[in-house]
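Asker: Dropping the structure in here first, questions after.
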Protein chains: 2
Amino acid sequence: MAQKQIPDIVVARLPLYLRSLQHMAQEGRKVTSSQELGERLGISAAQIRKDLSQFGEFGKQGTGYNIGYLTEQLQKILNIDHDWDLAIVGAGDIGSAVARYRGFANRGFSVKMIFDNDPQKIGDQIGSFVVRDVADMVSDIQEAGIKIAMIAVPATVAQQVANVLVKAGIKAILNYAPISINVPQNVHVQHTDPSTHLQRMTYYLE
Amino acid sequence: MAQKQIPDIVVARLPLYLRSLQHMAQEGRKVTSSQELGERLGISAAQIRKDLSQFGEFGKQGTGYNIGYLTEQLQKILNIDHDWDLAIVGAGDIGSAVARYRGFANRGFSVKMIFDNDPQKIGDQIGSFVVRDVADMVSDIQEAGIKIAMIAVPATVAQQVANVLVKAGIKAILNYAPISINVPQNVHVQHTDPSTHLQRMTYYLE
């Protein structure tokens, strides 16, 4: 869906709004407010109203937001009104944990395959997956039309893996390796590294 | 170390600078520049110079940054010139992967204990740890003087666990549960949820 240019920092908050709405729906709730969302998320109600107003009119003054409707709209905005298939590279502890992770259900994602280069691991069963040979990665990913991958390999080979993924047509990478990877401008990368998350907090500790 | 008020978005970039510097040091490098750091990180050289200048003078015009010196200074600024002990709550796939994770070495952190409430898991060996009973969490954490914890439990119990951690004196929480948790203002929280990371990218995909 085509949109005007929205700051990425706003885009980054939409998944948090959606996640809270989904929790409320699970609690059997039908209607919420920017105040309540704000309290759950530690974000001001004004910020939430401002963010959402960039995408349309989702609530009426005084009656709040219909949780089902706003959930559906946010799913459309985030392009997760259908599921995206995922490939995982690296069948170590982190990759295996992600392959078995049940938290993708209802969030727009579905793991389809996991790769490794270790002959000891190739062919192993992890959850419902058989570990595939990284040598087949480009053809397997292209054949399946997968556009999103997660990198869970050592830092030393993460860039090399990213290069192969780009060649395979991957357009978004979630990188668990503790190193920054470089990709072409039309490929999106998010990094997740527990040490950098923690260091951002130790700054504030005595 | 006391500092003037620095925007959190700047603080968030310091761990990335530090991580790149540590990779360069591993490569045997001695000197770098804001240009080179910027290319590795996809951040402009001007931004890096501006960020670092908020904390002092770390390089000389034309000669760049001494990697060893800047590494040491950033470690001091981020309060990781000594290691912080970590407690993990939840001995499922994610908690176990984090307990076995070797990537904390040299990053300022050291896992010391892991807890679960499942009698089937309590007493199990995970890496070098024996899973402890969550019932002993407050006393164990207080006795060890641990200030940082990671939550890797289901979303439904994450807030309850956070409340107990705060009671135990924890001042920083890295939350792997896919739900926002609320803590007192003097406690820091970072969230990491693969689905929200991925949704931030699918927004941009066709």
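Asker: What's the magnitude of the charge dipole for chain A around its Cα centre, counting Lys and Arg as +1 and Asp and Glu as -1 at the beta-carbon? Answer in Debye, nearest 20.
Answerer: Dipole about the Cα centre, nearest 20: 680 debye.
Asker: If you count, for every residue in A:78-88, the Cβ atoms of partner chains within 10 Å of its Cβ, what is the mean?
Answerer: Per-residue shielding by partner chains comes out at 3.
Asker: Got the relative contact order for chain A handy, in percent, Cα pairs under 8 Å and 6 or more residues apart?
Answerer: It rounds to 14 percent for chain A.
Asker: State, to one decimal in nm and shortest first, how far the label point of A:A105 sits from each corresponding label point in the other identical copies (label point: 7 angstrom along Cα-to-Cβ).
Answerer: 3.8
Asker: What number results when the radius of gyration of the stretch B:1-107, computed over Cα atoms, is divided by 2.2 N^0.38 Å?
Answerer: Computed over Cα atoms of the stretch B:1-107, the ratio equals 1.20.
Asker: Going by a ≥ b ≥ c, the root eigenvalues of the Cα gyration tensor, does the protein assembly as shown fall in the rounded group (a/c under 1.5), the prolate group (a/b larger than b/c) or the oblate group?
Answerer: rounded
Asker: Based on Cβ point charges of +1 for Lys and Arg and -1 for Asp and Glu, what charge dipole magnitude is obtained for the stretch A:8-77 about its Cα centre, in debye rounded to the nearest 20?
Answerer: Charge dipole of the stretch A:8-77: 60 debye, to the nearest 20.
Asker: Shielding of A:8-18 by partners, i.e. mean partner chain Cβ atoms within 10 Å per residue?
Answerer: For peptide A:8-18, the averaged partner shielding equals 4.
Asker: Only counting other Cβ atoms within 10 Å, I'd like B:T63, B:T192 sorted with the fewest neighbours first.
Answerer: Sorted ascending by nearby Cβ count, the order is B:T63, B:T192.
Asker: Provide the descending list of Cα extents for the stretch B:85-206 along its principal axes, expressed in whole angstroms.
Answerer: Largest first, the stretch B:85-206 extends 51, 32, 32 Å along its Cα principal axes.
Asker: Here's a follow-up. Take the alpha carbon atoms of the stretch B:18-54, find their center, do the same for the stretch A:115-176, and report the distance between the two centers in whole angstrom.
Answerer: 28 Å
Asker: Below 8 Å between Cα atoms, with a sequence gap of 6+, how large is the relative contact order for the stretch B:8-77 in percent?
Answerer: 38 percent
Asker: Just for the Cα atoms in the stretch B:1-49, what are the lengths along the principal axes, largest first, rounded to whole Å?
Answerer: 34, 24, 14
Asker: Output the Cα-based Rg and Dmax of chain B in Å, rounding Rg to one decimal and Dmax to a whole number.
Answerer: Final numbers for Rg and Dmax: 19.3, 61 Å.
Asker: Between B:S110 and A:Q120, what FRET efficiency comes out of the Förster formula 1/(1 + (r/R0)^6) with R0 = 25 Å and r the beta carbon distance, rounded to 0.05?
Answerer: Calculated transfer efficiency: 0.30.
Asker: Right, here's the next one. If you average the sequence gap of Cα pairs under 8 Å that are 6 or more apart and divide by the length of the stretch A:84-196, what percent do you get for the contact order?
Answerer: RCO, the stretch A:84-196: 24 percent.
Asker: State the antiparallel share, in %, of DSSP beta bridges confined to the protein assembly as shown, rounding to the nearest 5.
Answerer: In the protein assembly as shown, approximately 25 percent of DSSP beta bridges are antiparallel ones.
Asker: For chain B, what does the helix formula give at 222 nm: sum of -39500 (n - 2.57) over DSSP H segments with n ≥ 4, over the residue count, nearest 500 deg cm²/dmol?
Answerer: Computed mean residue ellipticity for chain B: -12500 deg cm²/dmol.
Asker: Label-to-label distances across copies for A:E27, with labels 7 Å out along Cα→Cβ, in nm, shortest first?
Answerer: The projected label point of A:E27 is separated from its counterparts by 4.9 nm.
Asker: Right, something else. Among A:168-174, A:139-145, what's the highest-first ranking by average C-beta atoms within 10 angstrom per residue?
Answerer: Going from most to least packed, we get A:168-174, A:139-145.
Asker: Turning to a different aspect of this structure: Nearest to the axis that maps chain B onto chain A: list the chain B residue whose Cβ wins, with the distance in whole angstrom.
Answerer: B:A97, 2
Asker: Still on this structure, I have one more. What is the Å³ per residue value for the convex hull set by the Cα atoms of the stretch B:41-80?
Answerer: 83 Å³
Asker: Further question: Can you work out the PRE-style zone for A:T63? Point 7 Å along Cα to Cβ, and I want the residues of the stretch A:7-32 with backbone N under 14 Å.
Answerer: Within reach of a label on A:T63, which here means backbone N under 14 Å from a point 7 Å along Cα→Cβ, the stretch A:7-32 contributes A:31-32.
Asker: Sticking with this structure for a sec: Determine which lysines satisfy two conditions relative to B:K60: a Cα distance under 26 Å, and not lying fewer than 8 residues away in the same chain.
Answerer: The reachable lysines, counting only those whose Cα sits under 26 Å from B:K60, are B:K4, B:K30, B:K50, B:K76.
Asker: On a 0 to 90 degree scale, rounded to 10, what angle separates helix A:8-26 from the longest Cα axis of chain A?
Answerer: With both axes taken from Cα atoms, the answer is about 80 degrees.
Asker: Would you mind listing the distances between the A:G127 label point and the same position in each other copy? Use 7 Å along Cα-to-C-beta, nm, one decimal, shortest first.
Answerer: Distances between equivalent label points, in nm: 2.1.
Here, each number is a calculation from the coordinates, and none is a lab measurement. All of these numbers come straight from a predicted model, not from anything done at the bench. Neighbour counts run over all protein chains shown; Cβ positions are idealised from the backbone, glycine included.
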